[in-house]
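Novice: This structure is in structure tokens; I'll ask about it shortly.
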Amino acid sequence: MAVRIGELAGNVQGEAVLIIGAGPIGLLALQVLRALGAGPVFIADLDAARLEMGAALGGQPLNPRTDKGTGIKKPSGNGCYPSSHS
């Protein structure tokens, strides 16, 4: 599943990426997208333990309940979310 996510994402080299959900698939997708050169890779979840795992894997954790003003904008035409952090 995570490899397919990387394939569908296309060329993410140097692009900021947002993953919604730090469950098993989200954490695997984080690793795949980082391996493909994406960065920064934000990972959003409400569970602190899952966000800690995401941070340990090199993601930038976001808790939508507590983190405000992240700079993440509306999706572009391809469904990707540009970020002012790139």
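The values are calculated or read from the model by the stated rules, or taken from the named source; none is laboratory data. Since the structure is predicted, the reported quantities are computational estimates derived from the model, not experimental observations. So basically every Cβ, Gly included, is an ideal-geometry build from the backbone, and we count neighbours across all protein chains shown.
Novice: Out of all the residues in segment 1-21, which are in a loop (DSSP other than H, G, I, E, B) and either more than 25 Å from residue 67 (Cα to Cα) or touching a strand residue (DSSP E or B) at 6+ places or on another chain (Cβ under 8 Å) (or both)?
Specialist: Of everything in segment 1-21, those that are in a loop (DSSP other than H, G, I, E, B) and either more than 25 Å from residue 67 (Cα to Cα) or touching a strand residue (DSSP E or B) at 6+ places or on another chain (Cβ under 8 Å) (or both) turn out to be 1, 10, 11, 13, 16, 21.
Novice: Next up: Only one of (1) touching a residue at least 24 places away in the same chain (Cβ under 8 Å); (2) in a loop (DSSP other than H, G, I, E, B); (3) out of contact with any helix residue (DSSP H, G or I) (no Cβ under 6 Å at 6 or more places or on another chain); (4) not charged (D, E, K, R) is not met by residue 46, so which one is it?
Specialist: Failing condition for residue 46: (1).
Novice: Another one. What single numbered condition from (1) within 12 Å of the chain's Cα centre (by Cα); (2) at pLDDT 90 or above fails to hold for residue 5?
Specialist: Going through the list (1) within 12 Å of the chain's Cα centre (by Cα); (2) at pLDDT 90 or above, residue 5 breaks only (2).
Novice: Are any residues in segment 22-39 outside any helix (DSSP H, G or I), buried (at least 16 other Cβ atoms within 10 Å of the Cβ) and at pLDDT 90 or above, and if so, which ones?
Specialist: 22, 36, 38
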